[in-house]
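J.: First the structure, which I've put down as structure tokens, then a few questions once you've had a look.
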Amino acid sequence: MTKDRHMSAGLRGLVIIPAYNEARSLPHVLREVRAAAPGFDLLVVNDGSADETFEIARSEGCAVLDLCFNLGIGGAVQAGFKYAVEGGYDVAVQVDGDGQHPADQIEALSRPILEEGCDMAVGSRYLAPGRYEGGRLRRLGNAVLSRLCSLLSGQRVTDCTSGFRAYSARALAYLAHRYPADYPEPESIVLLARQGMRIREVPVKMRERRYGRSSITGVRPLYYMTKVGLALVLDIIKEAPQGQEGGKA
Amino acid sequence: MRPISALVVFVAVVIALVVVFYIRRWRLREEYSLLWLFLSAALIVLTIDQGVMEWAARRLDVSYSPAVLFFLALAFAAVMLFHYSLEISRLSDQNRVLAQEMSLLRAKLEGSGPRAASPAKPGSSEVDLAVADDDAL
């Protein structure tokens, strides 16, 4: 029985679900998350969806951030980080609205944060037994980027593009002010590592998404790999952030 | 005055008029209006007084003096484009922050905003992180 230590310690957890046109899969995802992680508060970030995502999230009774236009995954997740910081959460777990992230792993993912003092835990498809099926280009792209991330962060990274993650309050505070706009996953690993934060990967078995398709298909993995690879290298020369985000007014 | 000079002066005057038109309508910020008026003035001066270009070409050791003009025009365009890249980056950053802040404020208005941790930390079930009661992992 793990009738939990965290409970008596009064720690607070938030599940952040970025959703862009996920009306069909969202009810299922919310139900799963509620069942698997009853102690966590739920936040859906509606990234300017054209469908009923917002209404569904509201009718399910969870907190919703409704972005007035589509910001992309980076901007949406960052809005969730800001919410988590304002709410003073001890851990926040990011779970995609399309249902490919297994809700029953939310606790496994938050454990390194709550018990081992890690700042970010990343659910890795490549540490779990059984091979993750994905296009060959996709796997290649992920492998190359992950090596680059390992190199730049000095920490072992096998699945840098995984969006299934848990963050500590410290990581949230940093990322609420600095988070890459598009394809943020690999960059944020390096950004946090450069702040001296600890990152841990947790083996996770992901599922096929129920509806919709990945945004990265065909030869796009190669484009993605090049673009993100360059962004990672450019990050090396970026100065430590100063002042307000958005630059001078 | 050669026909080409007349044409250039005409274009420069049109640019200046367009700039003045938009300033009067409050649709062009001063920094930009000054820049474009300066461009217009430069065109007129360089056209009327050919000596300036020839002097610059001699100093730069360029045998075909209009080449200097082409270079300056390209440099001006490149600087402007870079300036716009900077502006666009800044504006889209600010846009993103605005959208995020607005969503947070609206959530607060509608009562689903972030609740800060309750002061009575332990025991209050509302804010507890209850982990599912099973033996998973």
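No value in this document is a laboratory result; all are computed from the given coordinates. These numbers come from a predicted model, not from an experiment. Cβ: placed from backbone, ideal geometry, glycine included. Neighbour counts: every protein chain shown.
J.: Looking at chain A, which Cys residues are left with no other cysteine's beta carbon under 4.7 Å from theirs?
T.: Those would be A:Cys62, A:Cys68, A:Cys118, since no other cysteine Cβ in chain A comes under 4.7 Å of theirs.
J.: In addition: Label the protein assembly as shown by shape, choosing from rounded, prolate and oblate, from the square roots a ≥ b ≥ c of the eigenvalues of the Cα gyration tensor; if a/c is under 1.5 it is rounded, and otherwise prolate applies when a/b is larger than b/c, oblate when it is not.
T.: Judged from the Cα gyration tensor, the protein assembly as shown comes out prolate (a/c at least 1.5, a/b above b/c).
J.: Here is a further query. For the range A:170-197 and the range A:50-87, what is the centre-to-centre distance using only Cα atoms, to the nearest Å?
T.: Cα centroid to Cα centroid, the span is 19 Å.
J.: Counting helices only, and only those DSSP H runs with n ≥ 4, report the 222 nm mean residue ellipticity of the protein assembly as shown as the sum of -39,500 (n - 2.57) divided by its residues, in deg cm²/dmol to the nearest 500.
T.: Taking each H run of at least 4 residues, the total per residue is -17000 deg cm²/dmol.
J.: Take every Cα pair under 8 Å in the range A:61-130 that's 6+ residues apart, average their separations, divide by the length, and report that relative contact order as a whole percent.
T.: It comes to 18 percent, rounded to a whole number.
J.: A further question on this structure: Using a basic spin-label model with each label point 7 Å from the Cα along Cα→Cβ, how many nm lie between B:Phe38 and A:Ala128?
T.: Output for this residue pair reads 5.9 nm.
J.: OK, next. Quick one: if you stick a label point 7 Å off each Cα along the C-beta vector at B:Ala67 and B:Ser92, how many nm between them?
T.: About 3.8 nm, to one decimal.
J.: Pull up all non-local amide H partners of A:Val202: gap of 5 or more, or a different chain, and H-to-H distance under 5 Å with H placed in the peptide plane.
T.: Correct list: A:Val122, A:Gly123, A:Ser124.
J.: Just to check I understand the Karplus step: with θ = phi - 60° and J = 6.51 cos²θ - 1.76 cosθ + 1.60, what whole-Hz values come out for the range A:64-81, glycine and proline as x?
T.: Ordered by residue, 3J(HN,Hα) equals 10, 9, 10, 6, 6, 8, 6, 9, x, 4, x, x, 5, 5, 5, 4, x, 4 Hz.
J.: Taking R0 as 56 Å, what's the FRET efficiency between A:Asp51 and B:Ile48 from their Cβ-Cβ distance, rounded to 0.05?
T.: 0.35
J.: Give me the net charge for the shell around A:Val15: Cβ to Cβ below 12 angstrom, other residues only, Lys and Arg +1, Asp and Glu -1.
T.: Result for the neighbourhood of A:Val15: -1.
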